[in-house]
Amino acid sequence: MRSAVEGFAGEAPGGTAEGLDAMAETFAREFLRMGFSPDAVLALFKNPFYRAPNHIYRARGEAWVAALIRRIANGGEELHAEA
């Protein structure tokens, strides 16, 4: 069975699921800081033009990405701080 990040070397720090999650958090935070609404950020993750965010979207699923964006937009804790 292939991992979510297998075949995506160089895109996720260390090629781990944790690295993929950290990348997702960074992208979401940066898009939100740029003034995009949470819905617009989710649309960017869905867009294949944005390869890395779209890979995260496909690997983690819409519900996971949407929850991450909501948590960050609402000032929630950082993803990597969760156990």
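Bear in mind these aren't lab numbers, they're just calculated from the coordinates by the rules spelled out. None of these values were measured; they are calculated from a predicted model. Because the Cβ atoms are built from the backbone with ideal geometry, glycine has one as well, and the counts that use them run over all protein chains shown.
Protection proxy ranking of 27-33, 37-43, by the mean of other Cβ atoms within 10 Å over each peptide's residues and highest first, is 27-33, 37-43.
Note on ALA66 and TYR50: their simple-model spin labels are 1.6 nm apart, each label 7 Å out from Cα toward Cβ. As a ratio to 2.2 N^0.38 Å, the alpha-carbon radius of gyration for the range 20-61 is 1.02. Each label point was placed 7 Å from the Cα along the Cα-to-Cβ direction; for ALA40 and THR16 their separation is 3.4 nm.
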